Amino acid sequence: MGVWIDTDMSVDDVFAILLLQGRVEIDGLSLGFGVAPLPRARLNAAGAASAFGWSFAMTQGADRAVLGGQEHATRILGETGIRSRGKTLPEVEAPPLPPALPALSAWLEAQEQATILALGPLTNLAALALARPDLLPRIERIVWMGGGVTSGNHTASAEYNAIADPEALAILIARGVPIRMIDLDACRRVQIAEEDVTALRAAPGPNAGLLADLLGGYLDIALERGRPTMALYDPIAAAAVLRPDLFRFRSVRLDAELGGLHTRGRTVVETRHPDTHNAEIAEDLDAPAVKALCLAALVEAA
């Protein structure tokens, strides 16, 4: 049984997919808007497929949030959503892609206990929940890199993937879709530093320089803010799919703040009242083992 990936295709999304590539069957991928607009996500996906030999089917989904907004993170990650110290993904033509909803629906029709790895705003999956609620019992869980138990990153309260479309998260919660949230706090337990970029650059293989430049550009986000290390976000969610034994999960009540003047997009986590619990969070993880797993995948992809 394989996994479906829903992504906005920034640089850590690429790292996450490389972690799963060759280790689990990737049955399909749906693109959506996110840190960069949807056309850029398509170009990033085409470039990554060319560089790393991806052969799984790709589809195209939402170009904006459920209520029509477009919240991006280009002020942090640049116009492409992928920063680098030099080499970049190949600039290849992005071919027309089929629509995500019919493809995802057809895939779920053939599943009984499906796993979806969500690495961006949840708009495509909310569209599925609204259009085909009959298929939702076939989803064993959505493993989502998103949210923040204690704080945000795009705002003081909200993590980016949550605030980009909090209504999408609320729709999935209301429909009872099982969500395993790999939030900012969990991801921040796994940090990369300059020595990790150096080690990757020394790896054998034609893609070592490219991957080192991409990892270095990602690290530069932290370095420019006076921090020596950078959290490795989306690959941590991929690791939770691949090696859930490296994580400790906790049952919680999860809600999305939709109306707060300063807290819109906040993921509100309640650990009391077990009878109301509707989701899981990654409460703890084996950070050294998860980091080693993620970086080993990049070395192999080099």
*Between a first residue in the stretch 113-130 that is in contact (Cβ under 8 Å) with a residue 60 or more places away in the chain and of a type in the set (Ser, Thr, Tyr) and a second residue that is assigned to a helix (DSSP H, G or I) and surrounded by fewer than 24 Cβ atoms within 10 Å (Cβ to Cβ), which pairs have beta carbons less than 9 Å apart while being 6 or more apart in sequence or on different chains?*
Thr115/Val241; Thr123/Glu167
*Need at least 3 residues that are in contact with a Gly (Cβ under 7 Å, 6 or more places away or on another chain) per element, so show me which helices (runs of 4 or more DSSP H) inside the stretch 124-219 make the cut, counting only ones lying wholly within it.*
160-163
*Check off (1) among the small types (Gly, Ala, Ser); (2) crowded, with 17+ Cβ neighbours inside 10 Å; (3) within 24 Å of Thr150 (Cα to Cα) for Gly216 and give me the number that stays unchecked.*
(3)
*Residue satisfying all of: in the stretch 202-213; buried (at least 17 other Cβ atoms within 10 Å of the Cβ) and touching a helix residue (DSSP H, G or I) at 6+ places or on another chain (Cβ under 7 Å); nearest to Val14 (Cα to Cα) among these*: Leu211
_Per-region count, the stretch 144-176, residues within 16 Å of Glu280 (Cβ to Cβ) and surrounded by fewer than 24 Cβ atoms within 10 Å (Cβ to Cβ)_ = 3
*Output the residue which, of all residues in the stretch 49-58 that are aliphatic (A, V, I, L, M) and without any contact (Cβ under 8 Å) to a residue 60 or more places away in the chain, is nearest to Asp13 (Cα to Cα).*
Ala49
*Could you give me the residue pairs with C-beta distances under 7 Å whose first residue belongs to the stretch 228-249 and is surrounded by fewer than 24 Cβ atoms within 10 Å (Cβ to Cβ), whose second residue is in a loop (DSSP other than H, G, I, E, B) and not aromatic (Phe, Trp, Tyr) wherever it lies, and which are 6+ apart or on separate chains?*
Pro228/Ala193; Thr229/Ala193; Ala231/Arg188; Ala231/Val190; Leu242/Arg23; Leu246/Asp286
*Within the set of pairs 6 or more residues apart or between chains, which connect a residue that is closer than 16 Å to Ala48 by Cα inside the stretch 79-103 to a residue that is modelled with pLDDT under 95 and surrounded by fewer than 19 Cβ atoms within 10 Å (Cβ to Cβ) with Cβ atoms less than 7 Å apart?*
Gly81/Thr74
*From Leu117, Leu122, Leu101, Leu135, which residue is buried (at least 17 other Cβ atoms within 10 Å of the Cβ), touching a helix residue (DSSP H, G or I) at 6+ places or on another chain (Cβ under 7 Å) and farther than 24 Å from His72 by Cα?*
Leu135
*Could you tell me which of the residues Gly265, Gly259 is over 30 Å from Asn207 (Cβ atoms), at pLDDT below 95 and either out of contact with any Phe, Trp or Tyr (no Cβ under 7 Å at 6 or more places or on another chain) or among the acidic types (Asp, Glu) (or both)?*
Gly259
*If you go through the stretch 281-302, how many residues are within 19 Å of the chain's Cα centre (by Cα), more than 20 Å from Leu20 (Cβ to Cβ) and of a type outside the set (Val, Ile, Thr)?*
2
_Subset of the stretch 59-70 that is in contact (Cβ under 8 Å) with a residue 60 or more places away in the chain and crowded, with 17+ Cβ neighbours inside 10 Å - its residue that is nearest to Ala301 (Cα to Cα)_ = Gly61
*Subset of the stretch 266-299 (residues that are outside any strand (DSSP E or B), of a type in the set (D, E, K, R) and surrounded by fewer than 21 Cβ atoms within 10 Å (Cβ to Cβ))*: Arg272, Asp275, Asp286, Lys291
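The values are calculated or read from the model by the stated rules, or taken from the named source; none is laboratory data. Just so it is clear, the model here is predicted, and its values are computed rather than measured. Neighbour counts run over all protein chains shown; Cβ positions are idealised from the backbone, glycine included.
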